[in-house]
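See structure below.
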Ligand code: ZZB
């Protein structure tokens with residue numbers, strides 16, 4: 001699977017994380033890195049998700065640059081020329097996802113600029129980086145999750161307003177209008193982030209967005225999504241806000257003894 005790694009720079013750590021990140025040298029940049037298949041939707045980021053039950057690492061990538069990702073992703077990246085030193089993995093801290101909830105990060109291209117790290121129960125530890133950037137305009141999973149977070153803010157231990165950033169239309173489609181995720185979630189009567197219909201909704205949103213979507217926001221406004229996708233990605237890579245990240249999909253590499 002070929003993902004784009006998006007770098008969301010830490011602006012202010014949540015209180016619960018401050019003690020744990022003390023060993024990171026002053027003046028360094030730490031990034032939450034999200035794996036996405038849809039770089040063209042980055043204008044619509046409203047928050048970034050981690051799992052409260054995953055323990056993440058903070059890895060030194062090069063002098064002054066650190067990534068907050070899963071151990072598994074750090075190992076993969078070490079063999080793709082993303083971090084300095086082939087095969088070298090340098091973990092400087094271990095932090096539970098639960099302790100970074102509320103951290104403020106800068107989301108590249110997002111109309112909102114700075115967004116919060118919020119919890120998502122359906123984040124898989126075995127996919128991507130374990131960090132998922134949220135685009136509730138175009139991802140049904142993200143839409144269902146932010147609605148649930150706002151509805152049960154106390155239960156999730158967050159401030160309601162962290163989950164209520166405006167959902168700005170960025171892609172228009174003939175079938176589902178300009179808020180594909182909201183339309184699909186409503187039409188399919190999806191009521192929770194754990195609804196069994198979400199994988200179908202995701203598939204449908206991918207197809208409709210890619211084959212029939214048109215950008216209505218940002219630098220490539222007016223272009224079909226199928227053309228804008230690589231252009232947005234190249235632009236993010238050029239500005240240093242993203243990189244290519246490949247993952248052996250579900251492949252287990254074992255060594256016979
Ligand atoms: C932003 C985004 C915007 C995404 C969108 C999707 C959509 P796939 O096809 O299964 O590989 N994702 C990434 N890592 C994880 C994880 N560890 N656990 C749960 N979800 C994860 O799915 C890749 C997409 O799933 C990624 O692309 C990411 O969300 C999420 F408008 O990034 B995406 C219709 C989908 N739209």
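For the reader, a short list of remarks on this structure follows.
- Here the condition is being within 16 Å of the ligand (Cβ to nearest atom) and either within 21 Å of residue 209 (Cα to Cα) or modelled with pLDDT under 95 (or both); of 117, 171, it holds for 171 alone.
- Residue that is nearest to the ligand (Cβ to nearest atom), among those in the range 104-114 that are outside any strand (DSSP E or B) and under 14 Å from residue 33 (Cα atoms): 107
- Test: residue in the range 166-185 that is farther than 24 Å from residue 229 by Cα, surrounded by fewer than 20 Cβ atoms within 10 Å (Cβ to Cβ) and out of contact with any strand residue (DSSP E or B) (no Cβ under 6 Å at 6 or more places or on another chain): no
- Candidates are the residues of the range 174-205 that are near the ligand (Cβ under 10 Å from one of its atoms) and without any contact (Cβ under 8 Å) to a residue 12 or more places away in the chain; the one that is nearest to residue 122 (Cα to Cα) is 199.
- Among the residues listed as 143, 156, the single one being buried (at least 17 other Cβ atoms within 10 Å of the Cβ) and away from the ligand (no atom under 15 Å from the Cβ): 156
- Wholly within the range 47-93, strands (runs of 3 or more DSSP E) carrying at least 2 residues that are more than 16 Å from the ligand (Cβ to nearest atom) and either at positive phi or modelled with pLDDT of 95 or more (or both): 55-62, 65-69
The values are calculated or read from the model by the stated rules, or taken from the named source; none is laboratory data. These numbers come from a predicted model, not from an experiment. Quick reminder, even Gly has a Cβ in these numbers, built from the backbone with ideal geometry, and neighbours come from all protein chains shown.
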